[in-house]
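Working notes for the structure below.
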């Protein structure tokens with residue numbers, strides 16, 4: 001396992017649509033392990049493959065630090081409700097913004113053995129599902145920010 005470089009806003013790879021994973025290879029398994037390690041090292045709650053420069057539909061999420069979720073080829077099946085709150089991104093370091101997202105999200109995805117499953121989440125997990133799946137289609141949360149991006153450091157001083 002290795003820590004990978006996280007691509008930052010302005011890197012064209014973050015604006016590209018990712019390709020579906022059609023077979024599980026040793027390289028893809030290594031990528032998944034590296035993504036989890038990179039996410040934890042950066043103290044994030046989610047990471048999508050394009051954020052480490054790989055255009056594959058793979059997302060890792062862990063909103064509690066103890067419940068890792070792997071989503072391969074994720075598709076949002078259902079959403080409901082609404083939540084508005086602060087959001088940040090490992091690819092937009094030092095910034096945050098207010099974003100409205102669904103409060104409930106149901107996702108169909110595939111596990112490491114390419115077996116299909118469905119997972120549901122509310123609140124932060126729902127937000128993470130939407131945020132990370134957006135990355136797979138070349139979108140950053142800054143496109144949805146209500147108002148201005150703010151510096152995280154300035155916000156912490158207040």
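When the residues of the range 55-75 are filtered to those that are under 16 Å from residue 138 (Cβ atoms) and in contact with a helix residue (DSSP H, G or I) (Cβ under 6 Å, 6 or more places away or on another chain), the one that is surrounded by the fewest Cβ atoms within 10 Å (Cβ to Cβ) is 56.
Yes/no matrix, rows are residues, columns are (1) assigned to a loop (DSSP other than H, G, I, E, B); (2) in contact with a strand residue (DSSP E or B) (Cβ under 6 Å, 6 or more places away or on another chain); (3) modelled with pLDDT of 95 or more; (4) within 16 Å of residue 6 (Cβ to Cβ):
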site	(1), (2), (3), (4)
36	no, yes, yes, yes
44	yes, no, yes, yes
66	yes, no, no, no
72	no, yes, yes, no
85	no, no, yes, no
99	no, yes, yes, no
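On the basis of being farther than 24 Å from residue 118 by Cβ, crowded, with 18+ Cβ neighbours inside 10 Å, touching a helix residue (DSSP H, G or I) at 6+ places or on another chain (Cβ under 8 Å) and free of Cβ contacts under 8 Å to residues at least 40 places away in the same chain, does residue 34 make the cut? It is true that residue 34 is farther than 24 Å from residue 118 by Cβ, crowded, with 18+ Cβ neighbours inside 10 Å, touching a helix residue (DSSP H, G or I) at 6+ places or on another chain (Cβ under 8 Å) and free of Cβ contacts under 8 Å to residues at least 40 places away in the same chain. Pairs are defined by a Cβ separation below 7 Å, a sequence spacing of at least 6 or placement on different chains, a first member in the range 105-133 that is at pLDDT 95 or above, and a second member that is in a helix (DSSP H, G or I); the pairs so defined are 105/126; 105/129; 105/130; 107/129; 112/29; 112/32; 121/129; 131/141. Of the residues making up the range 4-29, those that are surrounded by fewer than 13 Cβ atoms within 10 Å (Cβ to Cβ) and either at pLDDT below 95 or within 14 Å of residue 72 (Cα to Cα) (or both) are 20, 22, 23, 25, 29. When restricted to residues that are under 16 Å from residue 134 (Cβ atoms) and out of contact with any helix residue (DSSP H, G or I) (no Cβ under 6 Å at 6 or more places or on another chain), the range 103-113 contains 1. Among residues of the range 134-156 being assigned to a helix (DSSP H, G or I) and at pLDDT 95 or above, the one that is surrounded by the most Cβ atoms within 10 Å (Cβ to Cβ) is 136. Any residue that is closer than 14 Å to residue 74 by Cβ and crowded, with 16+ Cβ neighbours inside 10 Å - is there at least one of those in the range 85-101? For the range 85-101, residues closer than 14 Å to residue 74 by Cβ and crowded, with 16+ Cβ neighbours inside 10 Å: absent.
The values are calculated or read from the model by the stated rules, or taken from the named source; none is laboratory data. Values in this document were obtained by computation on a predicted structure and should not be read as measured data. Using ideal geometry, Cβ is built from the backbone for each residue, glycine included, and neighbour counts are taken over all protein chains shown.
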